[in-house]
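The values are calculated or read from the model by the stated rules, or taken from the named source; none is laboratory data. Because the structure is a prediction, the values reported are computed rather than measured. All Cβ positions, even for glycine, are placed from backbone atoms using ideal geometry, and neighbour counts span all protein chains on display.
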Amino acid sequence: MSSTASPQSVVEQQRSAPILVAGHQPHYLPWIGYFNKIEQSSRFCLVDSVQFVKKWFQNRNKIRTKTGDVWLTVPVKTHDRFEQPIADVVIDNATPWRRKHWRTIELAYKDAPFFKQYADFFADVYAREWTKLVDLNEHVMLGVMDILNIKKDVVRSSTFAPQGQKTDLLIDICRKTGADGYLSGTGGAKSYVQLEKFEAAGLLHEFQQFTHPVYPQIHGGFVPRMAIVDLLFNVGPDADQLVKNASQHAAETSKAS
């Protein structure tokens with residue numbers, strides 16, 4: 001008897017699979033774990049209705065260069081704008097940050113094996129003028145999702161205004177996006193998510209399964225948690241499988257432990 005599922009049974013499984021929404025603040029040039037989280041979800045919510053946090057990944061990330069890690073920071077206007085939501089954050093274009101960022105990336109990765117394959121997309125990003133930080137971050141995220149062949153619906157939380165804090169916020173995101181449950185990341189969520197609240201609300205909750213893959217980097221050795229450009233320029237077309245297989249490896253490790 002063949003173990004291959006019939007097309008009908010595959011469709012039935014897809015229909016019965018719970019819809020899990022994952023959410024995250026929009027980040028600048030997100031790391032591989034960010035895209036793995038999107039891949040594991042059924043749909044993705046850019047949580048841009050929460051407060052902007054200075055000196056965090058919402059407007060900066062780091063890349064590897066010949067001389068070590070370098071932070072790329074998008075300057076934003078924060079003077080007299082305390083407690084502003086991410087959706088309202090305006091980029092400070094008084095400084096030539098776009099030219100500086102692209103030049104730094106170009107010098108760091110121009111000799112990487114797949115730089116030319118993806119350079120045009122990022123060159124176009126930095127050739128455009130940006131006003132809102134969220135627009136820049138979403139554009140890069142969607143472009144990289146396309147490169148990695150990640151097909152998910154994306155919605156901004158600012159379009160439906162979820163209420164509450166921490167677990168209550170996640171539950172409201174589920175309800176307002178029509179999801180059966182929520183997929184939390186591997187980071188700080190484990191310290192504040194109240195699973196009993198999800199159960200009381202009749203919703204599912206899962207944590208992201210992720211093990212950071214090791215891949216060749218042009219500057220030798222391996223340093224994890226770099227901006228996604230590091231993965232793309234070093235690995236090329238195999239990047240999509242590395243992102244997806246990071247979940248499978250984590251699941252296998254969990255079962256073995």
Requested in this report: Take the residues in segment 58-98 that are part of a loop (DSSP other than H, G, I, E, B) and within 20 Å of the chain's Cα centre (by Cα), then tell me which one is surrounded by the most Cβ atoms within 10 Å (Cβ to Cβ).
Outcome: Asn59
Query raised in the report: Which one of these is among the acidic types (Asp, Glu) and either in contact with a Cys (Cβ under 9 Å, 6 or more places away or on another chain) or surrounded by 18 or more Cβ atoms within 10 Å (Cβ to Cβ) (or both): Asp180, Asp168?
Result: Asp180
Report task. Could you tell me whether any residue of segment 162-174 is under 21 Å from Ser247 (Cβ atoms), under 13 Å from the mean Cα position of the chain (by Cα) and not aromatic (Phe, Trp, Tyr)? Result -> no
Report summary line: Among the residues of segment 58-84, the number that are free of Cβ contacts under 8 Å to residues at least 60 places away in the same chain and in contact with a Leu (Cβ under 9 Å, 6 or more places away or on another chain) is 2
Query - The listed residue being among the acidic types (Asp, Glu) and within 27 Å of Asn245 (Cβ to Cβ), out of Asp69, Asp80, Asp124, Asp92 - result: Asp69
Report summary line: Arg128: passes all of (1) more than 22 Å from Phe44 (Cα to Cα); (2) surrounded by 13 or more Cβ atoms within 10 Å (Cβ to Cβ); (3) of a type outside the set (Phe, Trp, Tyr); (4) touching a His at 6+ places or on another chain (Cβ under 9 Å) but (2)
Query raised in the report: In the list Ile105, Ile173, which residue meets the criterion of being touching a Pro at 6+ places or on another chain (Cβ under 7 Å), in a helix (DSSP H, G or I), among the aliphatic types (A, V, I, L, M) and at pLDDT 95 or above?
Result: Ile173
Query raised in the report: Just one of the numbered conditions (1) buried (at least 19 other Cβ atoms within 10 Å of the Cβ); (2) of a type in the set (S, T, N, Q); (3) modelled with pLDDT under 95 is not true of Ser16; which one?
Result: (1)
Query raised in the report: Gly221 versus (1) part of a loop (DSSP other than H, G, I, E, B); (2) of a type in the set (Gly, Ala, Ser); (3) touching a helix residue (DSSP H, G or I) at 6+ places or on another chain (Cβ under 6 Å): which is the lone unmet condition?
Result: (3)
